[in-house]
Structure formats: structure tokens, C-alpha cells
1. Find the strands (runs of 3 or more DSSP E) located wholly in region 322-438 whose residues include 2 or more that are out of contact with any strand residue (DSSP E or B) (no Cβ under 7 Å at 6 or more places or on another chain), and list them.
2. Is there any pair with a first residue in region 1-30 that is on the phi > 0 side of the Ramachandran plot and a second that is hydroxyl-bearing (Ser, Thr, Tyr) and buried (at least 20 other Cβ atoms within 10 Å of the Cβ) whose Cβ atoms are under 7 Å apart and which are 6 or more apart or on different chains, and what are they?
3. Can you tell me which residue is farthest from Glu336 (Cα to Cα) among those in region 280-293 that are part of a loop (DSSP other than H, G, I, E, B) and within 8 Å of the ligand (Cβ to nearest atom)?
4. Being closer than 27 Å to Asn398 by Cβ and at pLDDT 95 or above narrows it down to one residue among Ala74, Ala66; which is it?
5. I want to confirm something. Restricting to region 203-252 and keeping residues that are among the hydroxyl-bearing types (Ser, Thr, Tyr) and away from the ligand (no atom under 15 Å from the Cβ), which single residue is nearest to Pro280 (Cα to Cα)?
6. Which pairs have Cβ atoms under 8 Å, sit 6 or more apart or on different chains, and link a residue in region 133-153 that is over 15 Å from Asp119 (Cα atoms) to one that is among the aromatic types (Phe, Trp, Tyr) and within 16 Å of the ligand (Cβ to nearest atom)?
7. Among the residues of region 313-329 satisfying the criterion of being more than 20 Å from the chain's Cα centre (by Cα) and closer than 19 Å to Tyr387 by Cβ, which is nearest to the ligand (Cβ to nearest atom)?
8. Restricting region 20-69 to residues that are acidic (Asp, Glu) and outside any helix (DSSP H, G or I), which is nearest to Ile201 (Cα to Cα)?
Amino acid sequence: ITQADLTADQHLMVGGVDTLALAQKYQTPLYVYDTGAIRQEINAFKAVFDANDVPYQISYASKAFAAVAMYQIAAQEGIHCDVVSGGEMYTAKQAGFPMDRISFHGNNKSIDELTQALDYGVGCIMVDNFYEMQLLTDLTNQREQTVQVMLRVAPGISAHTHDYISTGQEDSKFGFDLNSGQADEAVKLAQAAPYLDLIGIHCHIGSQIFELDGFKMIVDKLVTIFARWQTTLGFYPRVMNVGGGFGVKYTSEDQPLLPTEFVDAIVKETIAQTKAQKVPMLEIWIEPGRSLVATAGMTLYTLGASKDIPGIRKYLAVDGGMGDNIRPALYDAKYEAVLAKNPTLPSKEVVSIAGKYCESGDMLIWNQKLPATQPGDVLAVLDTGAYGYSMASNYNRNPRPAVVFCENGHDQLVVQRETFADLTRLDVPLVTPEKIEN
Ligand code: LLP
């Protein structure tokens, strides 16, 4: 946090708006985004591709944060989006997002979802498995409708946060296996299907990746296989989609490369490999989710109860928790929080930030230094823009928070706060309110 992020009286700002004013206006818990920061991340990716002068496409992995307004931002910036369900596809359509810029992912797309994708005219369907290949072949034959497809392959390389394994087969539910010939078989099936236009190959090796090696290895492996396919199958893809997964800095301990450094390396490796193997250059697609939205978002909470166990721990409780951010409980994810009224105050004591949900695992942050606080203070948990709102739940029948976009000093509500009435909206009362004894 720099002075540029603070108002004259030291309040934390987001997109040029005072977070205390936002908490007042919209209540807490509240997700707030600096949409200018999202645009900057998108443009940083574009700049790397442009500097290397290669054909490319950026497809926002909208699972990281999907809402009508977010698809509108992606549309304004001229990028593609990937969707992984009928619901995301529907939301993008409601947003007026151009359907020819949608890629449809998933390891078990239903017939209804595939039909929806064909009805909407999505740009590309990522075929994941043989069952889906058959469904889509039958559907497109019946409809006499051509659709662009990519094959998702499992390259047998998985990247984890700090290491990667490359040995043998990756045990994954996603994609056609590359090592056992399944992918070759899938290429042949797609080639034989009259209405499937096979434009490329897709793979995704993981999320929150900090190291380059995994990406370089998939580029090397894919280009080698493409060169073989050119000879053996008469197929050479136009597009190589390397997925997303570029890591972001959640805490001061995280030291990832910049997302753009990953992409620069991927591009240079692709240029080098295609030259070395004497095959045509590929159009490179990336699917960043987290890296476009994580650090652009934060969650505002109000502090309430506290519990000090002498010599053991001090808990500060906020008015949200695992319902609006499941990541600490689910993945042991780490976040940092600041006091919105003055993030630069010297931190005095070590505290742990608890949620309001009825289980002990509902902790947002363990052991972080904070200045002295009082009930009613607004706490900003930083960098919650990815997989926060999108994984939110109504656990304990808590309404999900609102989402506000801020940019250039303006704020706009983009998702309303749920109400109690929303919580019972889908409940169907018993037809016989009196218990019937038989
Ligand atoms: N493309 C595909 C095919 C994916 O499966 C994913 C994420 C992405 C792109 C985007 O990856 P990203 O750039 O966001 O790392 N809920 C978890 C993350 C799950 C990611 C699943 N796939 C979390 O909160 O960390």
C-alpha cells in the first residue's frame, strides 16, 4: 500500500474511492474492485504479446469472478472469455458478451449445455473426452452446424505452487491423455466429424504457479507432438492454448514472477521450438483467471467481538468469513488485512481474524500484526478478487455480500447484496402444514 492508495486523512482507497465511504454506503461485508487495475493486467498481457509480434488471444477464465459487469469489462477490453458451465455461459450472454469470443470448457458438459453452446453460437468448444466427442459429433450432425473445437489434452506435466512433477502420466480427470495415444485418436475423430472444425490444442497445468519450468515443458512437449502429428495425421493446429495459472502475490512472503514474465517466456519458447522443429508458428492463447482479478479486489468487513486467550491468541471477529471467502479453510490460503481507517499505523499486536460462521475452521487469517482496533472498525482483507465471490455460499443462511466496482474515483454497485427473502425464495413449504399421523 502506497500513499497513492490513501486519502488525505489516510483512509485506504480502491480505484480512487474511500473504502470507509464504501462501507458506509453499501454496508459490509463488501467485495470491492479497482476495475482500472483489471484493465491494466489485461493490457500488460497484450503488451507482452505485441512486443513479441506474435498472434495471440487472451481468454479470461471467468470462473475466477463471474458477474454481468465483469463480462462487460472483458467485452470492453476486447478479450475472449472462457466459461465452464451453462450458468457462466448464460451470464456472459446476459451481459451482451460476444458469443463468438466464448470458449466452453468442462470435463462433463451435459447435452443441454452443449446444445446451449450451439444455440448461442459460442466461438469454441474445448472437447475434453471421448464421450463428449461423440455427443458433439451427433449434435452437430443433426443440426448440420459447424463449430470450432479445441481438444483438451493432459500433458502429463502438472505444476504446483512451488514445484512441478513431470514424470509419466498425470492422474487427472481432465482431457485426453497425451502419452497413451488417446490424444492422437481424438484428433482423428475430430478430423472425421463433418461439422467439427479442429482449430487447436489446449492444456492447463495448474493454478497459482510460481515457476516457469512447467510452462516451458508443455510448450516443448506440445510442439514436438504437433510436429509428429503434421507427418502422421496431416494435422497441425492453428492454436496452442496453454491455459492459465499464473501466480499472484497474496502476502509479502509470495514471490511469484509477474504474469507477464510467464507469458514472455511462453512466447519466446514457442518461437524457439517451432523454429527448431521447422513447423509453422502457432497462435498462442492464454486463459488467465486469478492474475486478472485477484489483486484488483478486496473485501471490507466490520470488526465486532474479540477474544483474548492470555498467552495463547487474540481473535478478532468480522461480520463475514468462510461464506464469502472459502479459500483459507479450503486451501489454507493466506491473506493480509489492513485497517481501512489508516493502513500505515504501526502494527502493535499479533491477532487472528475469525469469521462469524459456526465452525472453528472459519478463520480468514492466522497471526497477523495489526494496530490497535475497536469494534466497528473496517478491516480490508486484500487481494480477494479471485475465487472469493465466485465460490461464495449461503452457509449458515448468511446472504452473500454485494460487489462494487470502483474506477477513477467513481463507484458502482454491480451485484446487489442478497436479502433474507432471497434466502427463502426457492424454498417450498410443506403442502400439509399439520403433521399427518398414520
Ligand atoms: N483454464 C482452465 C482450463 C482452468 O481450469 C483454470 C482454472 C484456468 C484457466 C484459470 O486458472 P487461474 O489463472 O485462475 O489460475 N478455486 C481455486 C482455483 C481453481 C482453478 C481451476 N482452474 C482457488 O481458489 O485457488
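The values are calculated or read from the model by the stated rules, or taken from the named source; none is laboratory data. None of the values given here were measured: they were computed from a predicted structure. For neighbour counting, all protein chains shown are included, and Cβ atoms are generated from backbone atoms with ideal geometry for every residue, glycine included.
1. none
2. Gly15/Thr35
3. In this case the residue turns out to be Glu287.
4. Going through Ala74, Ala66 in turn, the sole match is Ala66.
5. Restricting to residues being among the hydroxyl-bearing types (Ser, Thr, Tyr) and away from the ligand (no atom under 15 Å from the Cβ), the top hit is Tyr236.
6. Note: pairs meeting the criteria are Leu151/Phe176; Arg152/Phe174; Arg152/Phe176; Val153/Phe176.
7. By that ranking, first place goes to Gly320.
8. Only one residue tops the list, namely Asp53.
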